[in-house]
Amino acid sequence: EKGGYETFMEKEIHDQPAAVRDTLLGRTDEDGRLVLDELRISEEELREVNRIYVVACGTAAYAGMVAKYAIEHWTRIPVEVSLAHEFRYCDPIVDARTLVVSISQSGETMDTLMAVKHAKDLGARTISICNTHGSTIPRGSDAVLYTHAGPEIAVASTKAFVAQITACYVLGLYLAQLRGQTYADDAKQVMAELHEMPEHIETLLASTDRVEEIARFMADSRSVLFLGRHVGYPIAMEGALKLKELAYIHAEGFAAGELKHGPIALIEPGQPVFVVVPGPDTPHGLHKKVVSNIQEIRARGARTLVIAEEGDEDVVPFADEVIRVPKTSPLLQPLLTVIPLQVFALHLSTAKGLDVDQPRNLAKSVTVE
Ligand code: M6R
């Protein structure tokens, strides 16, 4: 049942190419237009949407943060991401033109379910992005967009995460198409790139030796920091969460732009810092800005573990380690940059002799508030 792997988590990491492929399957017609008949909310209603909330917890909320960048870019609809357990208490501004998108692997997370209920009471349209057929959250929503990652057993979420991000891209492109946005012209190109992702993930998974080695060397670390910007920011948070869950190491992910607003005070000689670097073509000169962040922390003695695209040589002078990912367009990069961080956490946990699939104090689905 573990497909020849030692742990479910390792198997599920290797299931990721299929998780992305299967989540894309059957969602375009012969002309490359997105078809989401399964949504059960009328096209008119979706065209009327003028605000989106994403509600989710943990890793699913990080998928939602990635979704915000993509959906706002493609549709120009404002998107707010709310941790499901905070949603009700922030007195959300919700009416019939609000679309509330919940993201949940299990479909049973009580906090997320309660957020969806609250949204419905306020008159919102609700869509559930979910990995478990017939579970409670999709049943309580107006519509569902299933992720097809297959059952996820390990407590730490991996393949559900990449499938959630994939589904969010599909939803964003579909909404753009419905609204006749010019961005929808690019939808075919984005879909074509998404279809290449499974192969890219396979390439990454075939070359994890160095990441495994780094993880083993770092088994005694007391704290690891993760920096990212734009869609790399939620990936930094996800990298930190994986490490907390699996290796019980203090880890923190933050937006690289925040460094000089406080966190740089944490940098002392030897402090390991992972940095997720946007591709050199990312708009607004973000690549250059992150490279100078790496330079700043390196100058203060940080040990820099840099995740950068193939061919990005600018990072080399300031990196103690460079972990390469295939080139892709800026918004899609999270599907690739998260992979080495998952592999890192898995191997660090193994190196410490911990229970990878069942970390202490955690449950696979949190069915109490
Ligand atoms: O089943 P859900 O997607 O609703 O679960 C949400 C979180 O509890 C979950 O992602 C949790 O953060 C994982 N343990 C992360 O690895």
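The values are calculated or read from the model by the stated rules, or taken from the named source; none is laboratory data. None of the values given here were measured: they were computed from a predicted structure. Here Cβ is always computed from backbone atoms with ideal geometry, including for glycine, and neighbour counts include all displayed protein chains. Keep in mind that these areas ignore ligands, DNA and RNA; they rest on the heavy atoms of the full protein, side chains included. Shrake-Rupley method; radii C 1.70, N 1.55, O 1.52, S 1.80 Å.
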Could you tell me which residue of the stretch 86-106 is most open to solvent (accessible area, probe 1.4 Å), considering only residues that are farther than 14 Å from R51 by Cα and away from the ligand (no atom under 16 Å from the Cβ)?
Y89
Sort out which residues of the stretch 196-217 are open to solvent by less than 20 Å² (accessible area, probe 1.4 Å), more than 15 Å from T337 (Cα to Cα) and in contact with a helix residue (DSSP H, G or I) (Cβ under 6 Å, 6 or more places away or on another chain), and write them in order of number.
A215
Counting just the residues of the stretch 49-59 that are open to solvent by 10 Å² or more (accessible area, probe 1.4 Å) and outside any strand (DSSP E or B), which one comes out farthest from the ligand (Cβ to nearest atom)?
N50
Any chance A176 is closer than 17 Å to K68 by Cα and more than 16 Å from the ligand (Cβ to nearest atom)
yes
Could you tell me whether any residue of the stretch 179-194 is touching a helix residue (DSSP H, G or I) at 6+ places or on another chain (Cβ under 8 Å), modelled with pLDDT of 95 or more and of a type in the set (A, V, I, L, M, F, W, C)?
yes
Cross-chain or 6+ apart pairs with Cβ under 7 Å, the stretch 356-369 first and among the small types (G, A, S), then within 11 Å of the ligand (Cβ to nearest atom):
S365/S106; S365/E108; S365/T109
Here's a check for you: in the stretch 107-134, which residue that is open to solvent by less than 10 Å² (accessible area, probe 1.4 Å) and either under 18 Å from the mean Cα position of the chain (by Cα) or of a type in the set (S, T, Y) (or both) is nearest to the ligand (Cβ to nearest atom)?
T112
Being over 15 Å from the mean Cα position of the chain (by Cα) and either hydrophobic (A, V, I, L, M, F, W, C) or open to solvent by 50 Å² or more (accessible area, probe 1.4 Å) (or both) is the filter here; which residues of the stretch 73-85 pass it?
H73, W74, R76, I77, P78, V79, E80, A84, H85
Taking the stretch 272-285 on its own, how many of its residues are in contact (Cβ under 8 Å) with a residue 24 or more places away in the chain and either open to solvent by 20 Å² or more (accessible area, probe 1.4 Å) or among the hydroxyl-bearing types (S, T, Y) (or both)?
4
Please determine, by comparing only the residues of the stretch 19-42 that are of a type in the set (A, V, I, L, M) and touching a helix residue (DSSP H, G or I) at 6+ places or on another chain (Cβ under 7 Å), which one is surrounded by the most Cβ atoms within 10 Å (Cβ to Cβ).
V20
Expected output for the stretch 243-260 (first residue among the hydroxyl-bearing types (S, T, Y), partner open to solvent by 20 Å² or more (accessible area, probe 1.4 Å) and not in a helix (DSSP H, G or I), Cβ below 8 Å, 6+ apart or cross-chain) is Y248/K352; Y248/L354; Y248/R360
Any chance E72 is part of a helix (DSSP H, G or I) and either among the polar types (S, T, N, Q) or within 20 Å of P234 (Cα to Cα) (or both)
yes
Could you please find all residues in the stretch 60-72 being more than 16 Å from the ligand (Cβ to nearest atom) and either among the polar types (S, T, N, Q) or open to solvent by less than 10 Å² (accessible area, probe 1.4 Å) (or both)?
A70, I71
